Amino acid sequence: MINSNLPIGVFDSGLGGLTAVKELKKVLPNESIVYFGDTGRVPYGTRSKSTIIRYASQDANFLLEKGVKAIVAACGTVSSSAKEELKKLPVPYIDVITATALAAVNATQNKKIGVIGTGATVKSGSFSKAINAIDSEIEVTATACPLFVSLVENGFIEEDNEVTLLVAKKYLKDIIEADVDTLILGCTHFPIIAPVIRKVMGEKVKLIDSGKETARYVKEILSAEALLNNSESTAIYNYFVSDDTENFKNIAEIFLQGDIDGEVERIDIGKYKRNIGDEN
Ligand code: DGL
């Protein structure tokens, strides 16, 4: 039996997963979190499926070693590409596709949904499949926006950042032409630049934040599995990265609008197992 007082493990290729952490803290203030951002190997979204599976397995194995009660892939790319492997985890596994697709289906009125994500996410068709499994009449327009990831990781995140605005205008052209009334931010890095995306898309289009939707879903799953932390203990947050800690802290603090509320430690992710439940 899994101990419900253990922390929740959350991982991403870098900073993006913090959009889920931010929301998790709101909906589950009692839960401790161990976060891993693979800042030394970001981006994942331009890599092959087999590499993404290997990286994701190492990330999850690191979190398992930290003793977590559930693992959240706060990454659209991992959720889209490594589903089968991560389903083998010995603790509940939560991706960012399921809850996000449902929220978008509930939000659209004209049955036209846009999806932006990394190349790997768009290529996998994961969001389109999940949306059309709920409602086959919905028209989905998906566009890969890989440069957004680098812009976020490098701190080009202000609302009036000219470079990010220019890139957003180019990337979002087809989505605007498709007349969508709902847009899925299908990469967890993207909510960090939501104000820029909002500027380009206009006020009327509903933006669906995969981090936010997933945080709510995590609560549902933990509750269903009787894994909510019911003790009186205060939540503790620990952050791990695979590259420089200072860079991570600086951008995380701009994004979280405050000091990072826990230790940040650098680890060697390369030494963790490359498969789930395997000895190599
Ligand atoms: N934040 C990630 C996602 O949701 C990954 C971005 C990347 O590493 O390319 O897709």
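Pick from region 123-152 the residues that are of a type in the set (D, E, K, R) and not in a helix (DSSP H, G or I): which of them is least open to solvent (accessible area, probe 1.4 Å)? Checking each candidate, the answer is 135.
Inside region 22-39, residues that are modelled with pLDDT of 95 or more and within 15 Å of the ligand (Cβ to nearest atom) make up a count of 5. For region 1-20, the candidate set comprises residues that are among the β-branched types (Val, Ile, Thr) and modelled with pLDDT of 95 or more; within that set, the residue that is nearest to residue 258 (Cα to Cα) is 10.
Within region 8-20, not a single residue is open to solvent by 10 Å² or more (accessible area, probe 1.4 Å) and either over 17 Å from the mean Cα position of the chain (by Cα) or away from the ligand (no atom under 16 Å from the Cβ) (or both). For region 100-122, which positions are in a helix (DSSP H, G or I) and within 12 Å of the ligand (Cβ to nearest atom)? Once the filter is applied, which keeps residues that are in a helix (DSSP H, G or I) and within 12 Å of the ligand (Cβ to nearest atom), region 100-122 yields 100, 119, 120, 121, 122. Report, by residue number, each residue of region 192-221 that is open to solvent by less than 50 Å² (accessible area, probe 1.4 Å) and more than 18 Å from the chain's Cα centre (by Cα). Those that are open to solvent by less than 50 Å² (accessible area, probe 1.4 Å) and more than 18 Å from the chain's Cα centre (by Cα): 196, 200, 201, 202, 205. The single condition from (1) among the hydrophobic types (A, V, I, L, M, F, W, C); (2) near the ligand (Cβ under 8 Å from one of its atoms); (3) in contact with a Lys or Arg (Cβ under 9 Å, 6 or more places away or on another chain) that residue 2 fails is (2). Elements of the type strands (runs of 3 or more DSSP E) sitting completely within region 186-280 and holding at least 3 residues that are closer than 18 Å to residue 24 by Cβ: these cover 237-241.
Here is the figure for region 169-195: residues that are within 22 Å of residue 256 (Cβ to Cβ) and more than 16 Å from the ligand (Cβ to nearest atom) total 1.
Cβ-Cβ distances below 8 Å connect the following pairs, each with a first residue in region 154-181 that is at pLDDT 95 or above, a second residue that is of a type in the set (S, T, N, Q) and open to solvent by 100 Å² or more (accessible area, probe 1.4 Å), and a separation of six or more residues or different chains: 181/109.
Among the residues of region 75-85, is any within 16 Å of the ligand (Cβ to nearest atom), open to solvent by less than 10 Å² (accessible area, probe 1.4 Å) and closer than 19 Å to residue 243 by Cα? Yes, some residue in region 75-85 is within 16 Å of the ligand (Cβ to nearest atom), open to solvent by less than 10 Å² (accessible area, probe 1.4 Å) and closer than 19 Å to residue 243 by Cα. Mind listing whichever residues of region 247-269 are at negative phi, of a type outside the set (Lys, Arg) and open to solvent by 50 Å² or more (accessible area, probe 1.4 Å)? If the condition is that a residue be at negative phi, of a type outside the set (Lys, Arg) and open to solvent by 50 Å² or more (accessible area, probe 1.4 Å), then 247, 250, 253, 254, 259, 261, 263, 265, 268 are the ones that fit. Once region 153-176 is narrowed to residues that are touching a Cys at 6+ places or on another chain (Cβ under 9 Å) and assigned to a helix (DSSP H, G or I), the residue that is surrounded by the fewest Cβ atoms within 10 Å (Cβ to Cβ) is 171. Picking from residues in region 29-46 that are surrounded by 24 or more Cβ atoms within 10 Å (Cβ to Cβ) and out of contact with any Ser or Thr (no Cβ under 6 Å at 6 or more places or on another chain), the one that is farthest from residue 231 (Cα to Cα) is 37.
Scanning region 50-74 for residues that are more than 13 Å from the ligand (Cβ to nearest atom) and of a type outside the set (A, V, I, L, M) turns up 50, 54, 57, 58, 61, 62, 65, 66, 67, 69.
Tallying residues that are over 16 Å from the mean Cα position of the chain (by Cα) and of a type in the set (Phe, Trp, Tyr) within region 128-160 yields 1.
Has region 3-20 got any residue that is under 17 Å from residue 277 (Cα atoms) and part of a helix (DSSP H, G or I)? No; the residues of region 3-20 include none that is under 17 Å from residue 277 (Cα atoms) and part of a helix (DSSP H, G or I).
The values are calculated or read from the model by the stated rules, or taken from the named source; none is laboratory data. Just so it is clear, the model here is predicted, and its values are computed rather than measured. Cβ: placed from backbone, ideal geometry, glycine included. Neighbour counts: every protein chain shown. The accessibility values were calculated without ligands, DNA or RNA, using every heavy atom of the protein model including side chains. Shrake-Rupley method; radii C 1.70, N 1.55, O 1.52, S 1.80 Å.
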